[in-house]
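Structure, as C-alpha cells:
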Amino acid sequence: MIPSTVPDRDSRDITEGWTLELAAGRTVPTELAGRTIPAAVPGTVHTDLLAAGLIPDPYLDDNERLLAWIGSADSVYRTRVALTPTELAHERIDLAFDGLDTIASVRLGGTEVLRTANQHRSYRVDARGAIDAGALAIEVAFSAPVPAADAASLSLGYRPHVNHHPYNALRKMACSFGWDWGIDTATSGIWRPVRVEAWSVARLSELRLSPAVDGADGVVDVVVEVERSGAAGAAESALEVLVSVGGVERSIPIAAGDSTGTARLVVADARLWWPRGYGEQELYDAVVTLVDADGVVRDRRDRRIGFRFVEIDDIADELGTPFVLVVNGQRIVVRGANWIPDDAFPHRVDRARYAERLAQAEFANINLLRVWGGGIYEHDDFFAEADERGILTWQDFLLACAAYSEEEPLRSEIEAEAREAIIRLADHPSLVMMNGNNENIWGYEEWNWQHRLEGRTWGAGYYYDLFPALVSELAPHVRYTPGSPFSPRTVAGDDGPAQNAPDHGTMHIWDLWNEKDYPHYRDYRPRFVAEFGWQAPAAWATIERSIHDEPLTPESPGMIVHQKAIDGNVKLTDGLVAHLPLPNDMRQWHWAMQLNQATAIRTGIEWFRSLTPHCMGTVVWQLNDCWPVTSWSAVDGDGRPKPLLFALRRAHADRLVTIQPEGDALRVAVVNDSVHAVDDEVRIARLAFDGTVIDEWTQRARLPAHDAVSLMVPDALGRPGDRGAELLVAEWGGERALWFFAEYRDSALPAAVIDREIVAAPGEPADRVVVRVTARTLVRDLTLAVDTVHPDARALDGLIDLLSGESVDITVTLPAGTDPAALLDDSVLQTANQLLDARKERDRA
C-alpha cells in the first residue's frame, strides 16, 4: 500500500526579503548605480525596476530603446533566510534554483558555491556549511548578458545567426535578445523559483516515467535515482520506492549503497489518451514514494500520465516522403500553431494565463502546438493544460536560426539542458515529438553558412547524434525529428532532397510573405507545413494602450518601434493592394491589414487541407505574442484575439467545405475530420450578388470519419457571366463555402446595408449580450470590433459572410457597466464592403 503520509522533509520557496542592486558601469544611469531596491523572485531586473517606479514600461512607445542599457548592466540579488528549527534538524539543507538567467555567481555567506551559464537548467547546492546563526545569506550576482554573449562568441568563434546579438554563443532564451516579432530585453534575474529544501536520509533526485501501450494494456517503465544525505549510515541504509498507477502498485528496492532502481507496471485494459477530436483525454494518477528502512516516507512525487503510442510515418512513397503523425494507430491531420513565450518576461506567465491561451487554441480548433526553439522549455503547467485539453505538443530543442558550436563549454551545457528537459517533460501524454532545431539544417544548406563557417562545427552533432540518443534513452515513447523544416537524410550533406523540399517531410513557407502573395500558397503541394504566416497589427485596444503617437499612423514612431520585421510595413502594403485598396484612415488601415492576414492564412490552410491525405498537417506561425507588436500572431500580446483567430476556427473546423482552383477549373473539397461518417449532398450554386440563383448542381458525398474527397465543379457552373458580380456557394454536412471569381477590389461588392439589434439571450451568463445582424445586401467578413467599446469585451464569432436576407447572432462578453447599445455603432461593425466604400468615396473626392 502506498503511504498516504506527507514526506518527512521541508520545502519552501524563498520569495521574501530579496533586494536588487545594479553595479556601477558605463551604461548604468548614475542615479541607479549602487542603489538597492526591493526585488521579486521569480523576477527580472526589468520587472523589479518597473515595480519600483524607476523605469517606464518597456512595452510602451519607444521605451525599448531607452532601456537598452539594462542588457549591459551587472546586477546582484540578495536575501537572508532564517531557517526554522524543523529545517535545521534535518541532515541536509539544499538551496534549489529552478532557473537563473543567465551568467551567475551564487555566494552563500560571501563564499562562491555555484557558477552558472545556462538559463535553461536548474541547480542545487548543499547549503548547510554556509548557515550562520540559523540563517543563510544568499547573493546571486549576474553578469550583463550582452557583453557576455559578445565575449562568448569571440571565444567559441563566429557562427552565423539572425538578429543583432550573437545569442547562439550563450544558453539564454534567444528571443530575449529580440526577434522579428520580439522586444530586445536581454534581461537578467532569478526567473524561476528558489527553494530551501531540508531533508534526511535520501531524496528522489530523478524520476522517469515512460508510459506505453502493449495490446490492450498500459505499460509504465519507471526509472528512479535517489540521492543520499551523506550523514553517517545513510549510504548503507536500504530504501524502498513504491509506485502506484491506476490501482497497480510495485515496490522497487534500493539496496544499501545503490542509488538506482527500475520497475515495470502493467495496467490492464488501460483507457487511452487521445488528441482532441479523436477521443477522450484519459489521465491516470502516478504516485512515487521513497520510504526508508524504518517505514518513514522521505520523498514523494505525484504525476498525471496518459497511455498512448506515437509513430511518425515518413516512409517514402511514389510522391516523395510523407510526414504523418500517428497516435494510437490513428493518422492525425494536424491543425496546429506555433507557440512562442507568452511574455518577454516569462516568469509572469502563470497557470491561469496558460489556460486562457490554450482555451483560445481550442476555440481555433487547434490540435497541436509547437513550442518554438528560440524560446524556452515551457513550464509543466503549459503541458498539463495541453494534457487535459487533448492538444498535442511538439517541443523544439532550444537552437534556432543559427549555427552552434559543438565544442566545450557549450556542448556540455546543451547536453545537460536537453537531458533535464526530456526527463521533466516526457511523461506528459500531450508531448508527442521533440525537434532538434528550428531552421538550422536548412540554414546550413541554403543560407551560405558553409562559406562563413570556414569548417567550424555548426550543430549537426546535436541534431543527428546527441539529441536522438538522449530521446531514445530517456523518453522512448516520444518521437524525434532532427529539424524543422526537415527533408529526411541520414546526416547533413548526404545525397537526398534539398532541405525544405515540398515533396519531402516538413517545410516552412516564407517566400509568400517575403516576396510574393498569398494566392501562391496554391503553388505548393507539401506533405506537411510546419511554418507559414502573415502579419497584422495588434487589436485596436492594445495599440491604444501601448502606443501614444499623435497622430497615430501606420508609420508614426511608436508603430514603427512595434514593427520588428524587415520592411514589415512595405510587405503589409504589398500583400494588401492586390486584394483591397490601401486606406488613408488609420482605423480602416488597421481593419484592412487584420482582414488581409485572416484571409491569407485561411487561404493557405484551406488549400493544404484540400490536399488531404497528401498533406497531413499545417502549423501556422503563430498563435500568441510576447508583447504588443505587429506580428504573425492570432492572439496579440495583451491576449486579445485578432480576426485571424476566427479564420483559424473556420479553416480548422472538423468538417470543411472549400472551393479551390485546379488548373483552369474549380473543385470542391469536402473534408470530414470528425469521428462520425457524414452522408450528405454537395450542393453548389452560382449566385448573383443580389442572391439570384443562376445555376446549381448536386452530388452525394459519403465520407467516413477522418477522410476527404474532391469533386470537380461542372465547367458551365464554374464559368461566371460577370466575374465581378457572381459567386459560388457550396454546402455539405451543415458547412458552407463561398468562392468569389474576382478580388474584393475588382468586384461589384455593394455598400453593406445592415440591420442590427440587441436581442434577448435566454440562458446566457449575465456578462453576455447577443447582437443580431441582418444583411439586406451581400455582406463580406462581418466582424465586431468590440474592444473599441471596452478593452475587455470579446466577440465569440467574426469574419462572417452573409447573403442578402441572412441573419446571424453574435454573442459578446461585455464587462459590467458597459452600454450594449454601443455595439451597434457603425464604427464597431466592420465589413470588407466598408473598405471598398472608402475607396469609392476617395475616388469621388
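The values are calculated or read from the model by the stated rules, or taken from the named source; none is laboratory data. All figures in this text were calculated on a predicted structure; none of them were measured in a lab. Positions of Cβ are backbone-derived with ideal geometry, glycine not excepted, and every protein chain shown enters the neighbour counts. Side chains included, ligands, DNA and RNA excluded: accessible areas come from the protein's heavy atoms. Shrake-Rupley method; radii C 1.70, N 1.55, O 1.52, S 1.80 Å.
For the stretch 453-473, residues that are open to solvent by 10 Å² or more (accessible area, probe 1.4 Å), over 23 Å from the mean Cα position of the chain (by Cα) and over 19 Å from H161 (Cβ atoms) total 6. The number of residues in the stretch 404-432 that are open to solvent by 10 Å² or more (accessible area, probe 1.4 Å) and among the polar types (S, T, N, Q) comes to 1.
How many residues are farther than 20 Å from A539 by Cβ, modelled with pLDDT of 95 or more and surrounded by fewer than 18 Cβ atoms within 10 Å (Cβ to Cβ) when one looks only at the stretch 762-801? Final tally of qualifying residues: 3. Looking at this structure, is A701 under 30 Å from H614 (Cβ atoms) and touching a Pro at 6+ places or on another chain (Cβ under 8 Å)? It is false that A701 is under 30 Å from H614 (Cβ atoms) and touching a Pro at 6+ places or on another chain (Cβ under 8 Å).
Just one of the listed residues (P488, P519, P557) is of a type outside the set (D, E, K, R) and within 25 Å of Q395 (Cα to Cα), namely P488.
May I ask you to verify whether T111 is in contact (Cβ under 8 Å) with a residue 60 or more places away in the chain and open to solvent by 40 Å² or more (accessible area, probe 1.4 Å)?
Numbers: in contact (Cβ under 8 Å) with a residue 60 or more places away in the chain: no; open to solvent by 40 Å² or more (accessible area, probe 1.4 Å): yes.
For T111, the condition - in contact (Cβ under 8 Å) with a residue 60 or more places away in the chain and open to solvent by 40 Å² or more (accessible area, probe 1.4 Å) - is not met.
Taken over the stretch 345-371, the criterion of being crowded, with 18+ Cβ neighbours inside 10 Å, among the hydrophobic types (A, V, I, L, M, F, W, C) and closer than 23 Å to M434 by Cα is satisfied by V349, L358, A361, I366, L368, L369, V371. Pairing each residue of the stretch 245-261 that is over 13 Å from Y284 (Cβ atoms) and among the basic types (K, R) with any residue that is modelled with pLDDT of 95 or more and open to solvent by 60 Å² or more (accessible area, probe 1.4 Å), provided the two are 6+ apart or on different chains, yields C-beta distances under 8 Å for R250/R264. Can you find, within the stretch 576-589, the residue that is farthest from the chain's Cα centre (by Cα) among those that are touching a residue at least 40 places away in the same chain (Cβ under 8 Å) and open to solvent by less than 10 Å² (accessible area, probe 1.4 Å)? Filtering the stretch 576-589 for residues that are touching a residue at least 40 places away in the same chain (Cβ under 8 Å) and open to solvent by less than 10 Å² (accessible area, probe 1.4 Å), the one farthest from the chain's Cα centre (by Cα) comes out as P581. In a residue-by-residue description of the stretch 509-520, the property of being in contact (Cβ under 8 Å) with a residue 40 or more places away in the chain, in contact with a Ser or Thr (Cβ under 9 Å, 6 or more places away or on another chain) and either of a type in the set (K, R) or part of a loop (DSSP other than H, G, I, E, B) (or both) applies to no position. Restricting the stretch 1-13 to residues that are surrounded by fewer than 19 Cβ atoms within 10 Å (Cβ to Cβ) and assigned to a loop (DSSP other than H, G, I, E, B) leaves a set whose member that is modelled with the lowest pLDDT is M1.
Taken together, the criteria place E606 among residues that are of a type in the set (D, E), in contact (Cβ under 8 Å) with a residue 24 or more places away in the chain and either open to solvent by 10 Å² or more (accessible area, probe 1.4 Å) or part of a helix (DSSP H, G or I) (or both).
This table checks each residue for (1) basic (K, R); (2) within 19 Å of A169 (Cβ to Cβ); (3) touching a Lys or Arg at 6+ places or on another chain (Cβ under 7 Å); (4) touching a residue at least 24 places away in the same chain (Cβ under 8 Å).
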residue	(1), (2), (3), (4)
A416	no, yes, yes, yes
L431	no, no, no, yes
N440	no, yes, no, yes
R452	yes, yes, no, yes
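Condition test on L803, is it touching a Lys or Arg at 6+ places or on another chain (Cβ under 6 Å) and not β-branched (V, I, T)? No; evaluated as a whole, the condition is false for this residue. Of the residues screened, I138 is not one that is farther than 18 Å from V76 by Cβ, touching a residue at least 24 places away in the same chain (Cβ under 8 Å), of a type in the set (A, V, I, L, M, F, W, C) and open to solvent by less than 50 Å² (accessible area, probe 1.4 Å). Screening the stretch 687-702 for residues that are outside any strand (DSSP E or B) and in contact (Cβ under 8 Å) with a residue 40 or more places away in the chain and picking the one that is nearest to G724 (Cα to Cα) gives F689.
Test G817 against the criterion of being in a loop (DSSP other than H, G, I, E, B) and out of contact with any helix residue (DSSP H, G or I) (no Cβ under 9 Å at 6 or more places or on another chain), and give yes or no. First the steps, then the outcome.
Numbers: in a loop (DSSP other than H, G, I, E, B): yes; out of contact with any helix residue (DSSP H, G or I) (no Cβ under 9 Å at 6 or more places or on another chain): yes.
Answer is yes for this residue.
So which residues in the stretch 207-224 are open to solvent by 50 Å² or more (accessible area, probe 1.4 Å) and within 32 Å of the chain's Cα centre (by Cα)? Within the stretch 207-224, D214, D221 qualify.
In the set (1) open to solvent by 50 Å² or more (accessible area, probe 1.4 Å); (2) in contact (Cβ under 8 Å) with a residue 24 or more places away in the chain, G178 fails one condition alone, (1).
Per-residue answers, yes or no, for (1) at pLDDT 95 or above; (2) in contact with a helix residue (DSSP H, G or I) (Cβ under 8 Å, 6 or more places away or on another chain); (3) closer than 30 Å to P613 by Cβ; (4) open to solvent by 40 Å² or more (accessible area, probe 1.4 Å):
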position	(1), (2), (3), (4)
H451	no, no, no, yes
A475	yes, yes, yes, no
S484	yes, no, yes, no
D495	no, no, yes, yes
Q499	no, yes, yes, no
D523	yes, no, yes, yes
P526	yes, yes, yes, no
A530	yes, no, yes, no
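Of all residues in the stretch 288-311, which are open to solvent by 20 Å² or more (accessible area, probe 1.4 Å) and more than 18 Å from W394 (Cα to Cα)? A293, D294, G295, V296, R298, R300, R301, D302, R303, R304, listed by residue number. The set of residues in the stretch 372-403 being over 13 Å from the mean Cα position of the chain (by Cα), among the small types (G, A, S) and open to solvent by less than 10 Å² (accessible area, probe 1.4 Å) consists of G390, A400, A402, A403.
If the condition is being surrounded by fewer than 17 Cβ atoms within 10 Å (Cβ to Cβ) and under 19 Å from V675 (Cβ atoms), then the stretch 317-329 contributes V326, G329. Using the structure shown, decide if D314 is under 16 Å from A530 (Cα atoms) and surrounded by fewer than 20 Cβ atoms within 10 Å (Cβ to Cβ). For D314, the condition - under 16 Å from A530 (Cα atoms) and surrounded by fewer than 20 Cβ atoms within 10 Å (Cβ to Cβ) - is met. For the residues A730, A793, A775, the requirement of being in contact with an Asp or Glu (Cβ under 7 Å, 6 or more places away or on another chain), over 27 Å from Q360 (Cα atoms) and of a type in the set (A, V, I, L, M, F, W, C) singles out A775.
When the stretch 712-744 is filtered for residues that are under 36 Å from the mean Cα position of the chain (by Cα), outside any strand (DSSP E or B) and at pLDDT 95 or above, the ones remaining, listed by number, are F741, A742, E743, Y744. Among the residues of the stretch 613-623, at least one is at pLDDT 95 or above, of a type in the set (F, W, Y) and not in a helix (DSSP H, G or I).
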